[in-house]
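Report on the following structure.
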Amino acid sequence: KQQADELDALKRIGLNLTSSLDLQIVLETVVTEAMKLMKNSRAAHIFLHAHGELEFGASLNSEGVANKPIAMPRPNGLTYLVVNNGLHIIIADIKTHPLYKDNPQDWHGSIIGVPLKFGSSIVGVMNISKSTTGGFTRSEMRLIGLLADQAAVAISNASLHKGVTELANTDSVTGLPNRRALDERLQDEMRYARSMNSKFSVVMMDLDGFKNVNDTLGHSIGDDVLRHVFNYLAEKMRTTDFLARYGGDELTLVMRDGDVEVAEIVANKIIELMKSYSFPIPG
């Protein structure tokens, strides 16, 4: 029966982890499956690992609270220890272990840190805690290992997909979102405006006299001007605004929850910003 249960769990995990290439959905699926694998599970956390740094990915606790980390990894804590050693680490009793001596008194139970390995790389760390002390059974360890192996592959594939998507939606000259990304954003804004019964504004703009730059100084300097000017403006925008390169020397600004009056104010502000702008042309 135990073997049949493990096979059922493995089948379910495989199906769920391969059903999406969205990185966040994959991470949330992993912590959900981790919570199902053992009795008395209290919480599961995933931290992504890249370039020596750890970044929060997803979490779930026994009360159903998702994506709320208890604490970020400490340089001398369990998660970094797992990354540095590349091995799983079991702490049978949190209260008595030196790694947790400075933690709140109400922290109790056991915890395991598991490296998520893809080839020779560690793409993340999964921590699973239980409300009971004494560690983990052999059956639980087998299932955790199987989940970790599949999770590492799914995370790597989703991360690669995310990178390719971002590349496809980014203008190669300026680094701003491109026309394709703009089209997607406009669709999103229309859906949001309909559902919230709100408005959004679109401001179109171009650079006067830009053709002269290309004609007299060449396209290389022209690209430098576009990159410099467009990013100068992007830095001045609100975080909720969306600025994209429409094509050539044209920009499009999309503002959520903004009517015509707001658009006019922002457009005039952009004109004023450009009056004080200067570009240092080499030579």
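Below are the figures for this structure:
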item	result
Accessible area per residue, Å², the chain with all protein chains present, probe 1.4 Å	57
Cβ charges +1 (Lys, Arg) and -1 (Asp, Glu), total dipole of the chain, debye	1200
Alpha carbon centroid spacing (whole Å) that separates segment 10-59 from segment 116-175	7
Above-threshold pairs, the threshold being 24 Å between Cα atoms, out of K1/K117; K68/K236; K68/K130; K211/K275; K39/K162; K68/K162	K1/K117; K68/K236; K39/K162
Label-point separation, I25 to N157 (7 Å along Cα→Cβ), nm	1.3
Gyration tensor over alpha-carbon atoms, the chain, equivalent ellipsoid semi-axes in Å	49, 21, 19
Whole-percent carbon and sulfur share, accessible surface of the chain, 1.4 Å	54
Accessible surface of F56 - all protein chains present, 1.4 Å probe, nearest 10 Å²	50
In Å², nearest 10: area of S198 left accessible to a 1.4 Å probe	40
Using distinct alpha-carbon pairs, which all enter the 1/r mean, Kirkwood radius of segment 162-283 in Å	15.5
Efficiency of FRET between K11 and Q187 - r from beta-carbon atoms, R0 35 angstrom, step 0.05	0.45
Relative packing of 127-135, 91-99, which averages over residues the other C-beta atoms within 10 Å, highest first	127-135, 91-99
Shape box of segment 162-231 [Cα atoms, principal axes, largest first, Å]	49, 30, 15
log10 of Debye I(q)/I(0), alpha-carbon scatterers only, for segment 15-86 at 0.27, 0.28 Å⁻¹	-1.25, -1.27
Radius of gyration and Dmax over the Cα atoms of segment 120-184, both given in Å	19.3, 57
Alpha-carbon centroid distance for the pair segment 205-228 / segment 190-204, whole angstrom	32
Calculated P(r) of segment 23-182 - Cα pairs past 18 Å, %	60
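The values are calculated or read from the model by the stated rules, or taken from the named source; none is laboratory data. Small disclaimer: the values here were computed from a predicted structure and weren't measured. When we count neighbours, we look across all protein chains shown, and the Cβ atoms used for this are built from the backbone with ideal geometry, even at glycine. Heavy atoms of the whole protein, side chains included, go into the accessibility calculation; ligands, DNA and RNA do not. Shrake-Rupley method; radii C 1.70, N 1.55, O 1.52, S 1.80 Å.
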